[in-house]
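Q: Below: one structure in structure tokens.
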Amino acid sequence: MSLKTSSIIRKVSMALSGLFLVVFLTQHFTINLTSVFSENIFNKISHFMGNNFLVQFILQPILIFGVVFHFIMGFILEYINRKSRDTSYVTFKGSSNSNWMSRNMIYSGIVILSFLGLHFYDFWIPEINYKYVEVLPLDQDRYYQELVHKFESPIRTTIYSVSFVFLALHLYHGFSSSFQSVGFNNKYSSALRLFANGFSIIIPLGFIFIAIFHHLKA
Amino acid sequence: MNLILKVWRQSSRDEKGKIETYPISDISPDMSFLEMMDVLNENLISKGIDPVSFDHDCREGICGMCSMFINGEAHGPDRLVTTCQLHMRKFKDGDTIVIEPFRARAFPVIKDLIVDRSSFDRIQQAGGFVSVNTSGNTQDANAIPIDKHDADKAFDAATCIGCGACVASCKNASAMLFVSAKVSQYSLLPQGKVEATDRVLNMVNQMDEEGFGNCTNTGACEIECPKGISLENIARLNREYLAASIKD
């Protein structure tokens, strides 16, 4: 076996890390959605996720690796691709043969990466501070209030909503395209593309709904 | 028809190029694009100006030599045609037409609209063939039963004329559609399976060495391909490459 670095290996690794992040996004959305229906259930799940050894010390590092790998590989691909055409066209009509999302993954990706910075600042860093720096006592009822408090700000709610629009644009090309990258293109591909495109719109819309719901409720 | 042509002029590989503007008149809508270029060159020669160099050969959509990037698209605005099959009726009287060479680091400009596509030849030489014993007792290909479905797909892949429109249209200058067509046309047939592992590894390796970009599945190559080579071939190439990498 000689899985050396090649354009196809880079492409497949990008697709697999993307699919892994889609799975994470699904579970994140499912947990967040419970906050709309039940404060108690949201608190219980959040407490479990925040204190379970497997989640905290096995899955979380894998997730961080997946995110970092995906964006670093994205930048590497972009650099190689830009280098492969040293003189630009005077006229290039990309819109005649491909959609905007597929041609601008780097830009939607950069917006999502910036959003992740804000998201870490809002939730992950305070959580690490609470548990491991200040070592405050366990309180399994704090999560819902922390969430609602964050969405009191109309600016933050707007930034989150706009970021989710870019997430939708990124997913719209990335999710269905990842199946092509791993070599899956057959009679089921149309149905799979329909599912992936539906997912790409519904999940980010759901995140926007949750953010606005808590902002209006606060 | 009267037109304004904006043509890329570059005297050699090492010289810097630029767009020159040439008005042209009395163009018949029934002319092919290359015939219009012939008229332009006659006009330029009569004025003592160096004619525009451009690639062409069969002028019937088979050889893949004509390689122009017309108004932002490889082979112009029409679909499933090469530049020689593009007719002037696709344009309107008074139009401005921007004509550039195919652009990619692996396709350096030789002169004006002519680019060096020998990188495709080197990819083909790296594995795009079947080693056949030609000692005189070669088995007749028709004697080997082949599933009609596979035969059709292999034939479709084999229609690739290696024109380079896929590279020119791709925002990443990726050659994956070309390589996938050349790999698929053999890997689908029993004659090609013997050397399948080495073929795909060597051809992809050569493609990367030539400096083509990475495929990001925009699908532009499939739309602009004059022979309609399907993206399905790229998925097959990915599968073949992964399987070959594990086997090797």
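Values quoted throughout were computed directly from the atomic coordinates according to the rules given, and no laboratory measurement underlies them. Since the model is a prediction, treat every value here as computed from it, not as a measurement. Glycine gets a Cβ as well: all are built from the backbone with ideal geometry, and neighbour counts include every protein chain shown.
Per-residue answers, yes or no, for (1) loosely packed, with under 15 Cβ neighbours inside 10 Å; (2) more than 14 Å from chain A (Cβ to nearest Cβ); (3) on the phi < 0 side of the Ramachandran plot:
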position	(1), (2), (3)
B:4	yes, no, yes
B:12	yes, yes, yes
B:29	yes, yes, yes
B:36	no, yes, yes
B:60	yes, yes, yes
B:68	no, no, yes
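Q: Please work out which one of (1) touching a Gly at 6+ places or on another chain (Cβ under 7 Å); (2) part of a helix (DSSP H, G or I) is the condition residue B:204 fails and give its number.
A: Condition not satisfied by residue B:204: (1).
Q: Please determine whether any residue of the stretch B:180-191 is outside any helix (DSSP H, G or I) and either closer than 30 Å to residue A:169 by Cβ or in contact (Cβ under 8 Å) with a residue 60 or more places away in the chain (or both).
A: No, that holds for no residue.
Q: So, residue A:50, is that one more than 14 Å from every other protein chain (Cβ to nearest Cβ) and surrounded by 15 or more Cβ atoms within 10 Å (Cβ to Cβ) or not?
A: Here the answer is yes, as residue A:50 does meet what is asked.
Q: For the stretch B:148-179: of the residues being basic (Lys, Arg) and part of a helix (DSSP H, G or I), which is farthest from residue A:91 (Cα to Cα)?
A: So the residue we want is B:148.
Q: Only one residue in B:17, B:64 is buried (at least 16 other Cβ atoms within 10 Å of the Cβ) and within 11 Å of chain A (Cβ to nearest Cβ). Which one?
A: B:17
Q: Answer yes if at least one residue in the stretch B:45-67 is assigned to a loop (DSSP other than H, G, I, E, B) and hydroxyl-bearing (Ser, Thr, Tyr), and no otherwise.
A: yes
Q: Same structure again: Considering only residues of the stretch A:83-127 that are in a helix (DSSP H, G or I) and at the interface with chain B (Cβ under 8 Å from one of its Cβ atoms), which is surrounded by the fewest Cβ atoms within 10 Å (Cβ to Cβ)?
A: Looking at the filtered set, the residue picked out is A:83.
Q: Every residue in the stretch A:181-218 that is farther than 27 Å from residue A:162 by Cα and assigned to a loop (DSSP other than H, G, I, E, B), please.
A: Those that are farther than 27 Å from residue A:162 by Cα and assigned to a loop (DSSP other than H, G, I, E, B): A:182, A:183, A:184, A:185, A:186, A:187, A:188.
Q: Would you point out which residue out of B:202, B:217 is surrounded by 23 or more Cβ atoms within 10 Å (Cβ to Cβ) and more than 17 Å from the chain's Cα centre (by Cα)?
A: B:217
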